[in-house]
Amino acid sequence: EVIDLLGGVDFDVPYEIHYSFEDVVKGLYIELEPGFHHLDGYEAMAVVRNRFGYTEGDLARIEVQHEFLKACADQFIKVGNIPNARKIVEILGENLKTDLSSANIAWFMRQLLMCRSENIRFFTLPVQARVLQGYSYAVPEIWEWLEMLNEYFNPFETELGYGHLNIVYCNGFSYGATVGFDGGYWYYE
C-alpha cells in the first residue's frame, strides 16, 4: 500500500525473480529480470520476500532489503510525498506490530523528511552462522555488536559494556545470559 501510494519505487533488482502471492492474492505471479525496474507494491514485496539466488543466504537478502528501504526513503524525500505522509502513517499504524504509537511513527516520518538520502544507513546485527543440534542459527557476535552500538547508537559518554546487555545467547557450547551492570555474566546449561 505504501509503495503504491508513493507511485512506485525505482530499484535495481539483483536477481531473477519468480514469485507467487497465492497466500495473499490468489493467482498473482510476479516475474522480474535482474536490472532496473519501477516497482509497484506487489513487485516490491516479491523483491524483499524473495529467498532464492542469494549465495550468502539471508544475510545477502537483508542487504537487498536495506537497499530497497533506502530507495523507498529516497523516493519519499525527493518526490514530494509530504501530502501523503498522513496516509502513510495510517497504513503503517494499521499494519505494523510495534509498541510505537502513530504519533511516534509520525515523529520518525518528520525526521526522515529532514534527512538527505545519502545520510540514511542500515545496520545488521553482526552474527556468525552456527549449526546447533541440527538447526542453523545466526548467533550474535556480542563484542562486535557492542562496538557497533557504541560507535553508532550510544548517546552516552560512557561506553556500553558486556554487563549492560540483557540477552540470552549460545556461544556454541552452552547457553548463557548477560546479567547485571558490572560486566559479569552467568551461564545456564
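The values are calculated or read from the model by the stated rules, or taken from the named source; none is laboratory data. These figures come from a predicted structure and were not determined experimentally. All Cβ positions, glycine included, derive from the backbone under ideal geometry; neighbour counts span all protein chains shown. Please note that ligands, DNA and RNA were not included when accessible areas were found on the heavy atoms of the full protein model with its side chains. Shrake-Rupley method; radii C 1.70, N 1.55, O 1.52, S 1.80 Å.
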Share of alpha-carbon pairs per 5 Å distance bin for the range 96-160, given as whole %: 4, 12, 13, 13, 20, 19, 11, 5, 3, 0
Taking the highest mean first, how do the peptides 83-92, 134-143, 6-15 order by number of other beta carbon atoms within 10 angstrom per residue? 6-15, 83-92, 134-143
List L5, L149, L59, ordered by accessible area with a 1.4 Å probe, largest first: L59, L5, L149
Select from the range 2-82 those GluC sites (Glu not before Pro) which occupy a DSSP coil region and have at most 12 other Cβ atoms within 10 Å, ordered by residue number. E22, E56
Rg(Cα)/(2.2 N^0.38 Å) for the range 37-90, N = residue count: 1.32
When the accessible area of the range 91-153 is split by element with a 1.4 Å probe, what percent falls to carbon and sulfur? 54 percent
When the distances between all Cα atoms of the range 1-118 are binned every 10 Å from zero, what whole-number percent does each bin get? 13, 40, 35, 12, 0
